[in-house]
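Everything on this sheet refers to the single structure shown next.
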Amino acid sequence: MDIEEAIRSRRSIRAFTNQEVEQEKISRIFELSQRSPSGTNTQPWHTYVCRGEAKDAIVRDVCALFDKGEAKSYSEYDYYPDKWNDTHTARRRKIGWDLYGLVGIKKGDRERTAIQARRNYCFFDAPIGVFFTTDAYLGRGSWSDVGLYMQTVMLAARGEGLHTCPQAAWINFQEPIFEHLSIPNDQVIVSGMGLGYEDTSAIENTLVSEREKTTNVVNYVGFN
């Protein structure tokens, strides 16, 4: 698979099969991704890859917290703002309702909305769960570097015939993740991610999110 195909075929997959992922593929993904760029070569990422009992324990404990309504706030981790501007609000709502429409969730159906949200904490049934952390003292530049690393992981996964779903949703339930993966307290979670084979029969995987026209985001200066 060439790089253009990998970029264009990468999507956030929200339904995976239970097919096991070969260890060799997982190793190649992370070995290749270690070539990701970072400011002054700090390489400020730590990666925790889990499956089996460890993953199941995280899913169990986080789902229990979700069911009890004990999620923390994104703003507590300075991750998302308390209030979005109109542009970003519109984009968030669009992708949300596009997904809900595919799976038959109507506006106001809080019960089914919660069920769909809960699937985040099952990695959308992916057999492999991944968590990306950085050292807590680092600033936004290092978080940007971790984002570059995550993108490389996602594209490398496509090269192995796999799909991913990056998930900020795990941010709000860090304690069980730290406990089950023995993550040091001087680190902070940047994102979770499901990794595996796409369930091609799942309607939610037909969703292809819209992108803004480049004319609205790319500014050319000094070109004729």
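The values are calculated or read from the model by the stated rules, or taken from the named source; none is laboratory data. Being a predicted model, the structure only gives us computed values, none of them experimental. For neighbour counting, all protein chains shown are included, and Cβ atoms are generated from backbone atoms with ideal geometry for every residue, glycine included.
Quick rundown of the values:
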{"quantity": "Condition check for Glu22: modelled with pLDDT under 95, of a type outside the set (Ser, Thr, Tyr) and either more than 18 Å from Arg119 (Cβ to Cβ) or touching a Lys or Arg at 6+ places or on another chain (Cβ under 7 Å) (or both)", "calculated": "no"}
{"quantity": "Close pairs from region 199-212: first of a type in the set (Gly, Ala, Ser), partner not in a loop (DSSP other than H, G, I, E, B), Cβ under 6 Å, at least 6 apart", "calculated": "Ser209/Ile95"}
{"quantity": "Any pair with Cβ under 6 angstrom, 6 or more apart, that starts in region 71-88 at a residue that is assigned to a loop (DSSP other than H, G, I, E, B) and ends at one that is modelled with pLDDT of 90 or more", "calculated": "Ala71/Asn172; Lys72/Asn172; Tyr79/Ile171; Tyr80/Tyr74"}
{"quantity": "In region 14-50, the residues that are buried (at least 18 other Cβ atoms within 10 Å of the Cβ) and in contact with a Gly (Cβ under 7 Å, 6 or more places away or on another chain)", "calculated": "Phe16, Val21, Cys50"}
{"quantity": "Scope region 92-112; condition in contact (Cβ under 8 Å) with a residue 60 or more places away in the chain and in a helix (DSSP H, G or I); matching residues", "calculated": "Lys94, Ile95, Asp98, Leu99, Leu102"}
{"quantity": "Subset tally (residues that are among the aliphatic types (A, V, I, L, M) and in a strand (DSSP E or B)) for region 1-58", "calculated": "1"}
{"quantity": "Residues being among the aromatic types (Phe, Trp, Tyr) and part of a loop (DSSP other than H, G, I, E, B) - total across region 113-144", "calculated": "1"}
{"quantity": "Matching entry among Ala157, Ala114 (being over 22 Å from Ser33 (Cβ atoms) and among the aliphatic types (A, V, I, L, M))", "calculated": "Ala114"}
{"quantity": "Of all residues making up region 166-194, the number that are buried (at least 21 other Cβ atoms within 10 Å of the Cβ) and either more than 10 Å from the chain's Cα centre (by Cα) or among the hydroxyl-bearing types (Ser, Thr, Tyr) (or both)", "calculated": "4"}
{"quantity": "Tally, over region 174-224, of residues that are part of a helix (DSSP H, G or I) and touching a strand residue (DSSP E or B) at 6+ places or on another chain (Cβ under 9 Å)", "calculated": "6"}
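Here's the yes/no breakdown for (1) within 19 Å of the chain's Cα centre (by Cα); (2) acidic (Asp, Glu):
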site	(1), (2)
Glu5	no, yes
Glu22	no, yes
Ile26	yes, no
Ser36	yes, no
Lys55	yes, no
Asp82	no, yes
Thr87	no, no
